[in-house]
1. Here's a check for you: in segment 92-113, which residue that is of a type in the set (A, V, I, L, M, F, W, C) and either surrounded by fewer than 21 Cβ atoms within 10 Å (Cβ to Cβ) or over 13 Å from Phe45 (Cα atoms) (or both) is nearest to the chain's Cα centre (by Cα)?
2. Out of all the residues in segment 234-270, which are open to solvent by less than 10 Å² (accessible area, probe 1.4 Å), within 25 Å of His205 (Cβ to Cβ) and not in a strand (DSSP E or B)?
3. Being open to solvent by less than 50 Å² (accessible area, probe 1.4 Å) and either free of Cβ contacts under 8 Å to residues at least 40 places away in the same chain or closer than 26 Å to Ser3 by Cβ (or both) is the filter here; which residues of segment 164-189 pass it?
4. Leu69 - would you say it is touching a residue at least 12 places away in the same chain (Cβ under 8 Å), assigned to a loop (DSSP other than H, G, I, E, B), crowded, with 21+ Cβ neighbours inside 10 Å and out of contact with any Cys (no Cβ under 7 Å at 6 or more places or on another chain)?
5. Give the residue, chosen from Ile293, Ile314, that is buried (at least 20 other Cβ atoms within 10 Å of the Cβ), part of a strand (DSSP E or B) and touching a helix residue (DSSP H, G or I) at 6+ places or on another chain (Cβ under 9 Å).
6. Restricting to segment 317-329, what's the tally of residues that are over 18 Å from Ser182 (Cβ atoms) and not in a strand (DSSP E or B)?
7. Give me a count of the residues in segment 330-364 that are outside any helix (DSSP H, G or I), small (Gly, Ala, Ser) and within 16 Å of the chain's Cα centre (by Cα).
8. Regarding segment 77-84, can at least one residue be identified that is open to solvent by less than 50 Å² (accessible area, probe 1.4 Å) and among the hydrophobic types (A, V, I, L, M, F, W, C)?
Amino acid sequence: NLSEAADTILLQRLLDVVNNSQGRKTIPELDASNAGTVLRFLTAFLALRPGKWVLTGSDRMKQRPVGVLGDALKSLGADIEYLAKPGYPPLLINGHGLSGSEVTIDTSISSQFITALLLIAPYLKDGLLLRSKGNAVSQPYTDMTIRLMQSFGARVKKGIKSINIKPGVYALKEYNVESDWSSAAFWYEAAVFAGEVDLELLGLHRESLQGDSILPEIYKNFGIQTQFTDRGVRLTHSPNRIDGFYYDFTNYPDIAQAVIATCAGLGIRGHFEGVQTLQIKETDRLRAMKREIEKLGIGISLSGERDVIHTLDINPTRASFPDGLTFESYGDHRTAMTLAPFAFKTGSLTILNPDVVVKSYPKFWDHLKSTGFEIQ
């Protein structure tokens with residue numbers, strides 16, 4: 001059940017380039033495009049892999065920080081140089097064995113920095129003691145990484161503020177990848193707007209490694225009932241009127257946009273905390289959502305400190321849903337998919353640059369068509 005998402009295909013292709021680059025006299029340039037996961041995981045992988053590499057990405061990627069990970073790797077003995085702005089891609093990586101065995105890293109920016117270090121940790125000579133500081137974000141992704149590593153034979157023990165990984169190797173075996181709960185968020189949103197719904201989503205399980213499997217619990221508040229079947233989940237709708245919704249998305253940033261849009265479409269107040277990491281995704285998702293949802297006459301306020309936004313509030317009192325509205329996707333897959341279900345409210349709408357969904361959900365528009373949407 002390997003994903004057909006562009007990020008997955010890109011990572012496979014770049015790993016093939018790495019594997020075929022041994023003995024080259026020139027320095028291979030690896031372009032991670034707009035895939036933050038790919039760039040961050042490769043930063044750690046290449047630091048340990050013999051050879052020289054230039055790792056770069058899109059213009060937006062060059063604005064997304066990687067310094068916390070790069071500096072952590074350098075403290076373990078990695079040879080990494082920032083070729084432009086310190087702490088940001090592009091990177092020149094001179095890969096070799098790493099000598100360190102302990103590192104402390106700020107976990108308040110991205111869980112992908114932790115995952116990148118964890119994935120290579122068994123191949124460090126003395127393993128790794130990883131200590132964390134700061135308020136951890138997206139913690140379920142770290143837990144998922146640990147459980148996956150353990151399923152492939154890694155010896156990992158998690159403490160309150162530390163993770164200990166013993167030296168070793170991964171054992172190859174067959175593995176069936178779960179379907180993506182994060183992508184299911186847009187179907188939950190659509191199910192709310194549809195009113196009447198009987199929809200089955202395949203490959204989703206109650207006992208999931210994914211933190212975003214919290215969706216059934218969240219969407220109970222909006223009247224969506226989730227029945228787990230042998231094939232996946234079945235969604236039905238029992239109307240449930242609530243006056244407001246309040247949630248901390250520190251651990252679930254990838255589903256925050258869908259829930260924000262759900263509140264806006266229902267015309268209820270919403271208060272969302274722990275959304276700061278949405279600023280450093282493929283676009284600044286907080287400001288993107290504010291700009292687009294305000295086209296519906298719905299007030300959105302952002303608040304924080306030192307240019308870091310921590311909370312988003314919805315005031316829907318002036319909401320209207322004009323037919324034929326045009327939404328911008330800002331080059332961001334989740335923004336495009338979040339805005340699409342508003343077609344239930346407006347009658348029709350236009351999404352600019354719709355192909356951005358290939359990053360995580362290439363068949364999204366086809367699947368919408370299969371449920372009765374008309375798409376041109």
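1. Per the stated criteria, the residue is Ile109.
2. If the condition is that a residue be open to solvent by less than 10 Å² (accessible area, probe 1.4 Å), within 25 Å of His205 (Cβ to Cβ) and not in a strand (DSSP E or B), then Phe249, Pro253, Ile255, Ala256, Gln257, Ala258, Val259, Thr262 are the ones that fit.
3. Ile165, Glu178, Ser179, Trp181, Ser182, Ser183, Ala184, Ala185, Phe186, Trp187, Tyr188, Glu189
4. no
5. Going through Ile293, Ile314 in turn, the sole match is Ile314.
6. Keep residues of segment 317-329 that are over 18 Å from Ser182 (Cβ atoms), which gives 317-328.
Subsequent filtering for residues that are not in a strand (DSSP E or B) retains 317-324, 328.
Selection size over segment 317-329: 9.
7. Final tally of qualifying residues: 2.
8. yes
The values are calculated or read from the model by the stated rules, or taken from the named source; none is laboratory data. All values derive from a computational prediction rather than experimental measurement. All Cβ positions, glycine included, derive from the backbone under ideal geometry; neighbour counts span all protein chains shown. For the accessible areas, the whole protein counts, side chains as well, though only heavy atoms, and no ligand, DNA or RNA atoms are used. Shrake-Rupley method; radii C 1.70, N 1.55, O 1.52, S 1.80 Å.
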